[in-house]
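First up is the structure itself, then whatever we jot down about it.
The values are calculated or read from the model by the stated rules, or taken from the named source; none is laboratory data. Since we're looking at a predicted model, the values are computed, not measured. Heads up, the Cβs are rebuilt from the backbone with ideal geometry, glycines too, and the neighbour counts pull from every protein chain shown. Accessible surface is based on the protein model in full, side chains and every heavy atom, while ligands, DNA and RNA are left aside. Shrake-Rupley method; radii C 1.70, N 1.55, O 1.52, S 1.80 Å.
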Amino acid sequence: MVTAKGEVYLIGAGPGDPELLTLKALRLIREADVALIDDLIGDEIKELVRRECKEVIDVGKRAGRHKKTQDEINELLYRYASEGKKVARIKGGDPFVFGRGGEEAEFLAERGIRVKVVPGISSAIAAPPLAGIPLNHRRFSPAVVIMTGRERESREGKERITWDALAKINATIVILMGVSNLERNVRKLIEHGKDPETPVAIIENATMENQRVVEGKLKNIAEIARKKGVKAPAIIIIGDVVGLRETLRDFVSYPDISQTNSPDKDQTDS
């Protein structure tokens with residue numbers, strides 16, 4: 001049963017560049033009475049939201065640092081909507097691509113709160129081409145797998161990722177939120193049969209002025225990332241298609257970022 005209370009706008013803010021906000025997202029931000037924002041929406045979008053909304057609550061979560069727990073965020077959304085307010089819940093990327101948007105929508109729907117969903121551009125889709133890496137190319141893997149790098153265990157304490165199948169599937173693998181577990185995830189893939197020579201790229205701060213690309217191979221990317229000081233937010237791309245960056249990097253780029261300014265490729269083979 002749907003109540004006649006307020007409503008929640010579940011908004012994807014994209015990978016960070018405010019110009020990648022959709023027109024619908026901007027309109028609903030302006031209409032909102034209160035906004036709950038994540039860390040990964042980027043500083044410029046945060047400032048935009050603060051200019052447009054009377055009340056803004058920062059509920060950002062990063063690994064090991066949570067300003068609000070997910071349960072607290074759910075309750076805040078419900079409370080404000082129950083007061084008849086229009087609530088903008090603004091998330092980085094797309095709210096339903098490892099953004100817990102499904103959990104929040106489920107919580108609200110069970111309590112009779114309407115949810116308007118505004119899709120956003122996921123970094124899983126946006127970041128690779130910005131680094132000169134097509135996510136799909138006919139000469140390479142015919143599939144794309146998008147996964148989280150921080151997968152939790154099941155309630156029974158079992159691994160929920162089928163690493164054997166993942167290592168053997170002919171697909172480009174895109175890992176979100178994977179910097180902290182990079183070494184573990186790389187080791188799992190190699191142990192289960194993934195070629196250690198597979199090219200890997202890490203794209204840090206995609207679409208932002210400080211975007212950086214670090215390259216290596218599956219066997220040495222963890223060491224390279226450690227030496228280069230790679231930090232979140234970053235996405236990891238594993239697959240032969242990464243090799244196309246060598247050809248495309250100087251010709252295919254994001255309008256505001258010069259690929260030649262971030263040639264952070266490591267050619268080491270050790």
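Based on this model, can you work out whether Val252 counts as of a type outside the set (Lys, Arg), at pLDDT 85 or above and either assigned by the TED database to the domain that holds Lys61 or outside any strand (DSSP E or B) (or both)? Against the criterion (of a type outside the set (Lys, Arg), at pLDDT 85 or above and either assigned by the TED database to the domain that holds Lys61 or outside any strand (DSSP E or B) (or both)), Val252 does not qualify.
Scanning region 30-41 turns up at least one residue that is open to solvent by 10 Å² or more (accessible area, probe 1.4 Å), under 20 Å from the mean Cα position of the chain (by Cα) and either in the same structural domain as Thr207 (by the TED database) or not aliphatic (A, V, I, L, M) (or both). Is it true that some residue in region 228-249 is in contact with a helix residue (DSSP H, G or I) (Cβ under 8 Å, 6 or more places away or on another chain) and modelled with pLDDT under 90? Yes, because at least one residue in region 228-249 is in contact with a helix residue (DSSP H, G or I) (Cβ under 8 Å, 6 or more places away or on another chain) and modelled with pLDDT under 90. Residue check: is Ser141 within 12 Å of the chain's Cα centre (by Cα) and of a type in the set (S, T, N, Q)? No: the conditions fail for Ser141.
Of all the listed residues (Gly92, Gly102), the sole one being surrounded by 23 or more Cβ atoms within 10 Å (Cβ to Cβ) and in the same structural domain as Gly42 (by the TED database) is Gly92. For the condition over 30 Å from Thr247 (Cβ atoms) and either assigned by the TED database to the domain that holds Leu176 or touching a strand residue (DSSP E or B) at 6+ places or on another chain (Cβ under 6 Å) (or both), Lys61 does not qualify.
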